[in-house]
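Novice: One structure, as structure tokens, below. Some questions next.
The values are calculated or read from the model by the stated rules, or taken from the named source; none is laboratory data. All of these numbers come straight from a predicted model, not from anything done at the bench. Cβ: placed from backbone, ideal geometry, glycine included. Neighbour counts: every protein chain shown. To get the accessible areas, we keep the full protein, side chains included, count just its heavy atoms, and leave off ligands, DNA and RNA. Shrake-Rupley method; radii C 1.70, N 1.55, O 1.52, S 1.80 Å.
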Amino acid sequence: MSKQLPAKVDMEKIVSLCRRRGFIFPSSEIYGGLSSCWDYGPLGVELKRNIKQAWWQAVVHERDDVVGLDASILMHPQVWVASGHLEGFTDPLVECKSCHLRWRVDDLKDNKCPSCGGELTEPRLFNLMFKTFMGPIEDSASVVYLRPETAQGMFVNFENVVNTTRKRLPFGIAQIGKAFRNEITTGNFIFRSREFEQMEIEFFVKSGTDKEWFDYWVKERLNWYINLGIKKDNLRLRQHMKKELAHYALDCYDIEYLFPMGWAELEGIANRGDFDLVQHAKYSGKSLEYFDDETKEHYVPYVIEPSAGVDRSALAVLCDAYDEELDNGEIRVLLHLHPTLAPIKVAVLPLSRRGPLVQVAKQIYADLRQCWIVQYDDAQ
Ligand code: GAP
């Protein structure tokens, strides 16, 4: 009989398990890897798809007041002027005068290089957006950016969605997609990478009802993680202090998870007020006012934004599910994954390779795989 060991999960064990079992590999590994970029292997890609599917099911398919969108990653450069990202999406960066490593000022405990203790340069602002060029000429007129958040695709399509779906306020737009940030300090495996995926909702409401909807979404999103089996004790809410708030936010709560390196943000729920629609109306010259046919008023809606990371959710799921047990004197690692998220749902394991049993097992396998991901193994 196996005996449970107290599971002590640290990041090294998670990284090693992911590598060994084909969940996550370093990007371009045969060339030595690419800093803070990761590839999801055969089991990892299924886990990630299941997380995205569970989110889409909960926030789009099971609701009447949210519709989906899949906007392009490259957007008109004016989007980032209007959103404030070109000007304000910066981190203060310092460089060590001895070892030349670069650090984010907010990550420093004192004014010394954390690696060699050397003297640091004065901070300068570093924009986190990745730049590229559209078309064959590489000049300032052809600069475009890889989106640093999926949110803006939903704001610039607000009018399209209102006109084509006839949705009335309050309603939301949901999107899952890649985002890119040229982070200065990365690390903690897939927690902070330079290419990652977000699952975001922009929920449009009438001002005055925003606080009520903000509280609603904080609760709703916390429950989503609990319903997927994440232990309640490993989750907490943290309200942002005024000085931490992003340039667009009136209020924000983080849902934090107790990762191996400590409590850290899993998802942010922000009250963005009317900042984004007002800015896009100003820069595009198009009115983004909503006409309320009940009250006959024109107004710019407020936005509540639950913004989650797919990769951080995958990391939280793996850390939460990790366990060890003694098996004939050896430590066996196992994952207690929620059935909705488990990459493999059913295993067909015939005890022999002979005769009619194999035929029946193969038929069961063929039938089951039409509904689930099933593994067939007659080797053991
Ligand atoms: N639209 C709002 C927004 O992007 P954010 O707090 O910067 O807000 C939302 O990001 C979520 O995206 C985070 O809670 C996190 O889960 C994920 N995220 C942000 N930066 C990330 C990074 N460098 N690597 C992995 N996930 C990241």
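Novice: Could you work out the per residue convex hull volume over the alpha carbons of the stretch 105-159, in cubic angstrom?
Specialist: 168
Novice: I would also like to ask the following. Carbon and sulfur: what percent of the chain's accessible surface (1.4 Å probe)?
Specialist: That share works out to 51 percent.
Novice: Order 332-340, 88-96 from most to least packed using the mean count of other Cβ atoms within 10 Å.
Specialist: The densest-packed peptide leads the list: 88-96, 332-340.
Novice: Taking the full set of protein chains and a 1.4 angstrom probe, give the accessible area of ILE373 in square angstrom, rounded to the nearest 10.
Specialist: Approximately 70 Å² of ILE373 is accessible to the 1.4 Å probe.
Novice: Also, I was wondering about something else. Pick out, from TRP372, PHE130, ASN163, the residue whose Cα sits farthest towards the positive end of the charge dipole of the chain, with +1 on the Cβ of Lys and Arg and -1 on the Cβ of Asp and Glu.
Specialist: It is TRP372.
Novice: Now, a different point. Cut-off under 18 Å on the C-alpha distance; same-chain residues fewer than 8 positions from LYS167 excluded. Which lysines are left, in chain and number order?
Specialist: Filter leaves LYS206, LYS296.
Novice: If you don't mind, another one. Evaluate Rg over Rh across the stretch 141-248, taking Cα atoms for both radii and Kirkwood's formula for Rh.
Specialist: 0.99
Novice: If you bin the C-alpha pair distances of the stretch 1-94 every 5 Å from 0, what whole percents do you get?
Specialist: Going out from 0 Å in 5 Å bins, the stretch 1-94 shows 2, 9, 9, 11, 12, 16, 18, 13, 5, 2, 1, 1, 0 percent.
Novice: Using +1 at the C-beta of Lys and Arg and -1 at the C-beta of Asp and Glu, which of GLY177, LEU288, SER35 has the Cα lying farthest in the positive direction of the dipole of the chain?
Specialist: Positive-end residue among those listed: SER35.
Novice: Shifting gears a bit: In debye to the nearest 20, how big a dipole does the stretch 1-112 give about its Cα centre with +1 on each Lys and Arg Cβ and -1 on each Asp and Glu Cβ?
Specialist: 700
Novice: Can you give me the Rg/Rh ratio for the stretch 21-170, using Cα atoms for both radii and the Kirkwood formula for Rh?
Specialist: Rounded to two decimals, Rg/Rh equals 1.06.
Novice: Still on this structure, I have one more. Hey, can you find the accessible area per residue of the stretch 35-194 for me, probe 1.4 Å, expressed in square angstrom?
Specialist: In whole numbers, the stretch 35-194 has 51 Å² accessible per residue.
Novice: List the aspartates and glutamates whose Cα lies under 14 Å from the Cα of LYS97, skipping any in the same chain that are fewer than 8 positions away.
Specialist: Cross-link targets: GLU119, GLU122.
Novice: Show PHE126, PHE214 ordered by accessible area, largest first, where the area counts protein heavy atoms only and the probe is 1.4 Å.
Specialist: PHE126, PHE214
Novice: Please report, in debye to the nearest 20, how large the charge dipole of the stretch 258-380 is about its Cα centre when each Lys and Arg carries +1 at its beta carbon and each Asp and Glu carries -1 there.
Specialist: Here the size comes out at about 720 debye.
Novice: Once Rh for the chain is found with the Kirkwood sum over Cα pairs, what is the Stokes-Einstein diffusion coefficient at 4 °C and 1.567 mPa s, in µm²/s?
Specialist: 55
Novice: For the peptides 142-154, 53-65, what is the packing order when you average, over each peptide's residues, the other Cβ atoms within 10 Å and list the highest mean first?
Specialist: Result, highest mean first: 142-154, 53-65.
Novice: If we restrict to alpha carbons, what Rg and Dmax does the stretch 222-276 come to, in Å?
Specialist: Reported Rg and Dmax, both Å: 12.7, 37.
Novice: Straight-line reach from LYS232: which lysines have a Cα under 24 Å away, not including same-chain ones fewer than 8 places off?
Specialist: Of all the lysines, those that pass the test against LYS232 - Cα under 24 Å, at least 8 places apart if same chain - are LYS8, LYS13, LYS48, LYS52, LYS219.
Novice: Which distance in Å, rounded to a whole number, links the C-alpha centroids of the stretch 327-352 and the stretch 239-258?
Specialist: 39
Novice: What size of dipole, in debye to the nearest 20, comes out for the chain about its Cα centre when the only charges are +1 on Lys and Arg C-beta atoms and -1 on Asp and Glu C-beta atoms?
Specialist: In total the dipole reaches around 880 debye.
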